[in-house]
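Q: Here it is: the structure, laid out below.
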Amino acid sequence: MRQPALMCVLGLVACAPPQVSPELTELQAFARAGEYRTWSGEPAPHTSAGPHGTVRTFVNETLLSSMRADAGVHPIGSIAVKELYAGSKLTGFAIDRKGADGGWQFFEGFEPTLADYYFEGTDNLCANCHRPGRDFMLTPVSALYDAGTP
């Protein structure tokens, strides 16, 4: 009798909707709010050297200061937001964030759901491409303008 009950339990677990990470939900809301546009960033969209197509990157002050200091490891709270474009239309975002545990969180999502990819740590699809960068950051500091400068 235990086996059929176990099969039912396993069936329920297998059919349950996937759990959405609170970090993913937070990053989706953050991307949509657009407050990152007040940060230092690239002056205009351009063709990415990687798989993202046309992009424009913004970084928060924590990451910008670390990049300017040529730090080997960026501090907790470092954030880079990459706007993703199809032609001139903003279609999604890629966000790299150094979490409270010192590990990287990688998010990439496209409208309308922004629910395509979310990874933590450095053993994943996003980290594999970002690995050659200084602590996983590929955008050179020279490409960024100061916040408030058009």
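Q: Any idea how many residues of the stretch 62-95 are crowded, with 20+ Cβ neighbours inside 10 Å, modelled with pLDDT under 95 and either assigned to a loop (DSSP other than H, G, I, E, B) or among the acidic types (Asp, Glu) (or both)?
A: Qualifying residue count for the region: 0.
Q: Sticking with this one: Of the conditions (1) closer than 13 Å to Arg97 by Cβ; (2) free of Cβ contacts under 8 Å to residues at least 60 places away in the same chain, Leu27 satisfies every one except a single condition; which number is it?
A: (2)
Q: Please determine, by comparing only the residues of the stretch 109-125 that are in contact (Cβ under 8 Å) with a residue 40 or more places away in the chain and outside any loop (DSSP other than H, G, I, E, B), which one is nearest to Gly34 (Cα to Cα).
A: Per the criteria, the residue is Gly109.
Q: In addition: Do we find a residue being touching a helix residue (DSSP H, G or I) at 6+ places or on another chain (Cβ under 6 Å) and part of a loop (DSSP other than H, G, I, E, B) anywhere in the stretch 34-48? Outline the logic, then answer.
A: The first filter runs over the stretch 34-48 and keeps only residues touching a helix residue (DSSP H, G or I) at 6+ places or on another chain (Cβ under 6 Å), leaving 40, 42.
Right, trim to part of a loop (DSSP other than H, G, I, E, B) and you get 42.
Checked the stretch 34-48: at least one residue is touching a helix residue (DSSP H, G or I) at 6+ places or on another chain (Cβ under 6 Å) and part of a loop (DSSP other than H, G, I, E, B).
Q: Right, another one. When the residues of the stretch 99-150 are narrowed to those that are polar (S, T, N, Q) and modelled with pLDDT under 85, which ends up surrounded by the fewest Cβ atoms within 10 Å (Cβ to Cβ)?
A: From the stretch 99-150, those polar (S, T, N, Q) are 105, 113, 122, 124, 128, 139, 142, 149; that's our starting set.
After this cut, where a residue has to be modelled with pLDDT under 85 as well, the list is 124, 128, 149.
Numbers: Asn124: 15, Asn128: 11, Thr149: 9.
Top of the filtered list is Thr149.
Q: Continuing with this model, one more query. Is it the case, given these coordinates, that Val59 is open to solvent by 30 Å² or more (accessible area, probe 1.4 Å), hydrophobic (A, V, I, L, M, F, W, C) and more than 19 Å from Thr25 (Cβ to Cβ)?
A: In short, no.
The values are calculated or read from the model by the stated rules, or taken from the named source; none is laboratory data. Predicted, not measured: the structure shown is a model, and the values here were computed from it. Note that each Cβ is placed from the backbone with ideal geometry, even for glycine, and that neighbours are counted across all protein chains shown. Protein only, heavy atoms only, side chains kept; ligands, DNA and RNA dropped before computing areas. Shrake-Rupley method; radii C 1.70, N 1.55, O 1.52, S 1.80 Å.
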